[in-house]
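The values are calculated or read from the model by the stated rules, or taken from the named source; none is laboratory data. In this text, all values refer to a predicted model and were calculated from it rather than measured experimentally. Cβ placement follows ideal geometry from the backbone for every residue including glycine, while neighbour counts extend to all protein chains displayed. Just the protein is used for accessible areas: all its heavy atoms, side chains included, with ligands, DNA and RNA removed. Shrake-Rupley method; radii C 1.70, N 1.55, O 1.52, S 1.80 Å.
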Amino acid sequence: MAASSVFRPGLFNHKVAIVTGGGTGIGKAISAELLELGCSVVISSRKADRLEAAAREMRQKIPPSSPASVTALPCNIRSEEEVKALVSSVLKRYDRIDFLVNNGGGQFRSPAEDMSSKGWKAVVDTNLTGTFHCCKEVYTAWMKEHGGAIVSIIANMWNGFPDAAHTGAARAAVDNLTKSLAIEWAASGVRINAVAPVRTAQYLISFVSVFQDAYEFHLSVWLQGTIFSKTAMENYKEYGPHLFKMSVPFTPAKRLGVPEEVSSAVCFLLSPAASYISGATLKVDAGQSLYTSMWEIPNHSAWPEAPEGENLDALNELVDPKSKL
Ligand code: ADE
């Protein structure tokens, strides 16, 4: 059954949005809801063929009475020149840009000690610098004179992001960028906010391919509170259904979220219902980020000793320090 927006039909009639990473997952759900509400959407990512296929699929669902259209324009957001060309093409075609949704991003899983400088830079360039390029270009080329609304999709990195420190740092930086731009661009009538879902980490796929019982708990903890999508489940191949099911008991909601639940938050922030909201980050995680840590710490005896005294003696009687290992 196709999801239907809770917002008023025609709410975004004749508006124009750019959605980076708009052809898959959360970005696709955002694009589909904007289209349903009458907004013309330019979806953008690096992979032209996948993007065009997504645009074709979305185009078929637009009713003939709608003013909306969908256009696929490939762009590598790491490149300032490509972002400039994207924005210029959108303005040539539509003559306005009301909304920017920064959803394009990516990362790979690695302990910080094994991350190369190149790998670190690639993730920061995409998630942080790419977002900056898009914000700056739509602002200078259109929103500075005409106003607009921007939403950036970040992640649940509030307690750090062990095993993906690069993306944690980049997403936290986008949270802060959102606040700076909200102040700097207020005088142009630009509102800018962020949405922080708990995201399915695609980079787990390689880890899943060496799946063993010992990893099962670890993986389910990684997936807890996650946003479920058919694409994401298929990405985990035969382990997908099991992994997603296993993560449910670890969530406060006792169910997973779906991309449409992120999309409705984005549409709210873009809409006049959020006309007094700027510089905010809205968590879409059913309280998951308040609930528990995602990271299992291995047993160790490396921690500095507590100071000697009667409290330590009593503690050692209660818990034998050697029994920890
Ligand atoms: N999604 C992931 N990486 C991207 C990039 N470099 N440009 C645009 N969209 C992306």
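Starting from residues that are polar (S, T, N, Q) and surrounded by fewer than 22 Cβ atoms within 10 Å (Cβ to Cβ), keep the ones in the stretch 1-23 and report whichever is nearest to the ligand (Cβ to nearest atom). Restricting to residues being polar (S, T, N, Q) and surrounded by fewer than 22 Cβ atoms within 10 Å (Cβ to Cβ), the top hit is S5.
Would you pick out the residues in the stretch 40-62 that are open to solvent by 70 Å² or more (accessible area, probe 1.4 Å) and away from the ligand (no atom under 13 Å from the Cβ)? Hits for the stretch 40-62 are D49, R56, E57, R59, Q60, K61.
Residue under question is T71, and the condition is that it be within 16 Å of the ligand (Cβ to nearest atom), without any contact (Cβ under 8 Å) to a residue 40 or more places away in the chain and open to solvent by less than 30 Å² (accessible area, probe 1.4 Å); does it hold?
It is true that T71 is within 16 Å of the ligand (Cβ to nearest atom), without any contact (Cβ under 8 Å) to a residue 40 or more places away in the chain and open to solvent by less than 30 Å² (accessible area, probe 1.4 Å).
Of everything in the stretch 88-116, what is open to solvent by less than 50 Å² (accessible area, probe 1.4 Å) and over 30 Å from E260 (Cβ atoms)? Give them in sequence order. Answer for the stretch 88-116, where residues must be open to solvent by less than 50 Å² (accessible area, probe 1.4 Å) and over 30 Å from E260 (Cβ atoms): S110, M115.
Is it true that some residue in the stretch 289-296 is at pLDDT 95 or above and among the charged types (D, E, K, R)? No, because not a single residue in the stretch 289-296 is at pLDDT 95 or above and among the charged types (D, E, K, R).
Which one of these is surrounded by 13 or more Cβ atoms within 10 Å (Cβ to Cβ) and free of Cβ contacts under 8 Å to residues at least 60 places away in the same chain: V262, V248, V319?
Values: V262 fails: free of Cβ contacts under 8 Å to residues at least 60 places away in the same chain; V319 fails: surrounded by 13 or more Cβ atoms within 10 Å (Cβ to Cβ).
Step by step, each of V262, V248, V319 is checked, and only V248 is surrounded by 13 or more Cβ atoms within 10 Å (Cβ to Cβ) and free of Cβ contacts under 8 Å to residues at least 60 places away in the same chain.
Look at the stretch 117-133: where a residue is over 15 Å from N102 (Cβ atoms) and open to solvent by less than 20 Å² (accessible area, probe 1.4 Å), no partner that is at pLDDT 95 or above and within 10 Å of the ligand (Cβ to nearest atom) sits 6+ places away or on another chain with Cβ atoms under 8 Å. I'd like the residue in the stretch 202-251 that is at pLDDT 55 or above and part of a loop (DSSP other than H, G, I, E, B) and, out of all such residues, is nearest to the chain's Cα centre (by Cα). Here the residue is T226. Of all residues in the stretch 109-131, those satisfying the criterion of being touching a helix residue (DSSP H, G or I) at 6+ places or on another chain (Cβ under 7 Å) and within 12 Å of the ligand (Cβ to nearest atom) are V123, V124, N127, L128, T131.
Residues that are open to solvent by less than 30 Å² (accessible area, probe 1.4 Å), more than 16 Å from the ligand (Cβ to nearest atom) and assigned to a helix (DSSP H, G or I) within the stretch 134-172 comprise Y139, M143, G168, listed in sequence order. Residues of the stretch 266-288 that are open to solvent by 40 Å² or more (accessible area, probe 1.4 Å), outside any loop (DSSP other than H, G, I, E, B) and not polar (S, T, N, Q): F268, P272, A273, L282, K283.
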